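Please treat every number below as a calculation from the coordinates, not as lab data. Worth saying up front: this structure is predicted, and the values here are computed from it rather than measured. Here the Cβ positions follow ideal geometry from the backbone for every residue, glycine too, while neighbour counts run over all protein chains shown.
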Amino acid sequence: MILGIESSCDDSSLAIMSEDFKVLFYKKISQYQHEKFGGVVPELASRLHTIALYEMMLEVKKFSDTIRAVAVTNEPGLSVSLITGVSLAKSISLSLNIPIIGVNHLFGHIFSLFLEKKEDFPMAVLLVSGGHTMILDIDKFGNIKLIATTSDDSFGESFDKVAKMLNLGYPGGEKIEKFAKNGDENVFNFTIPMVNNNREEFSFSGLKNQVRIEIENIGTDIKSQINNICASFQKTACLHILNKLEKTIKKYKFKKLGVVGGASANLYLRGKLQDLCNSYNINLLFAPLEFCSDNALMIARCGLFKYQRMEFNNLDLNIKPTTYFDKLNQSSS
Ligand code: KG4
Ligand code: ZN
């Protein structure tokens, strides 16, 4: 049994998974307290993790005898949040005399595709979360190379920022999607970012500014236009993802695509991705909706993968707030 710990941003979560993928324990405590600030306040996040992780540990204690390793997110994320989980993992490792396994949170998200089954690489992955927007190449051994990333805001972050402009609260992704359902996506004609260049790169800050200017122009009538703004913004942000993804599909000709990260719960995006993959005969995989956002089950699952390969860390495991992946060798295209 592997105990997984997740505390990289604003969700505290613990999970215990057995070797045959049975879930013995799963709990997540999300920090709604950030909502009034319109974004995550690191110092508050850190304090809330300390309280929530302790609370959940009381429930996990009864499994102490059966836990064989502790897997913990140690990169990337908010340093003060990562520290809480890593410190807890170290004390569990020391007191139970079991190995510690550092898990890259982004690699963890990829394992949300394999919560109940054996991993199946190689594949390409679209990661859309609050901190990242990436297209990744995973080889048959599970090694990750970067195909594309964002040069400014992430996909999820742009939803959060537009939601903040419209006073819809935080996190904004779900809220924008909800309002967009009742809107007309063709009312506002936002420009799709970087549509005429071939760079393997995303950019969302220009689109965010287009929305900001439109909101300022609308002024006091904004209430009547919220649904239409959300729908038009969501369409343009998703079309940007689709455009860039289609370019990489044509170049790298991958046959399997996994889509992970909190924003992969967006059903509009899922529908568009399904259409794109159908037209290129690509096998498309999503995580269960409940496990798209940050959770410890994907960390335990990734920990199991690393445990089976005996990839252990020591008590000097450090946090790494930022992750850099090497670019996929251009010559392999
Ligand atoms: O993966 P995640 O839980 O945390 C990070 O690792 O960042 O992703 C959270 C992000 C937030 O930016 C949130 O607004 C976005 O995912 N998100 C969505 C939706 N649900 C969550 N974005 C668009 N549509 C959604 N339905
Ligand atoms: Zn995440």
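A few points about this structure:
- From Ile16, Ile5, residue being assigned to a strand (DSSP E or B), within 16 Å of ligand 2 (Cβ to nearest atom) and in contact (Cβ under 8 Å) with a residue 12 or more places away in the chain: Ile5
- Tyr170 meets each of the listed conditions (1) away from ligand 2 (no atom under 16 Å from the Cβ); (2) farther than 22 Å from Lys327 by Cα; (3) part of a loop (DSSP other than H, G, I, E, B) apart from (1).
- Here Ser79 meets the list (1) surrounded by 21 or more Cβ atoms within 10 Å (Cβ to Cβ); (2) within 16 Å of ligand 2 (Cβ to nearest atom); (3) over 24 Å from Glu174 (Cβ atoms) almost entirely, failing just condition (1).
- Residues of the range 108-148 that are within 15 Å of ligand 2 (Cβ to nearest atom) and under 19 Å from Lys250 (Cβ atoms): Val125, Leu126, Met134, Leu136.
- Selection from the range 173-194 of residues that are hydrophobic (A, V, I, L, M, F, W, C) and either in a helix (DSSP H, G or I) or under 20 Å from the mean Cα position of the chain (by Cα) (or both): Ile176, Phe179, Ala180
- Counting only residues that are surrounded by fewer than 18 Cβ atoms within 10 Å (Cβ to Cβ) and assigned to a strand (DSSP E or B), the range 137-149 holds 2 of them.
- Which listed residue, of Asn143, Asn167, is more than 26 Å from Leu78 (Cβ to Cβ) and either of a type in the set (Ser, Thr, Tyr) or more than 12 Å from ligand 1 (Cβ to nearest atom) (or both): Asn143
- Unmet requirement for Gly183, which otherwise passes all of (1) out of contact with any Ser or Thr (no Cβ under 9 Å at 6 or more places or on another chain); (2) farther than 26 Å from Val40 by Cβ; (3) among the small types (Gly, Ala, Ser): (1)
- Selected residue (only one of Leu276, Leu297, Leu267 is away from ligand 2 (no atom under 16 Å from the Cβ) and surrounded by 15 or more Cβ atoms within 10 Å (Cβ to Cβ)): Leu276
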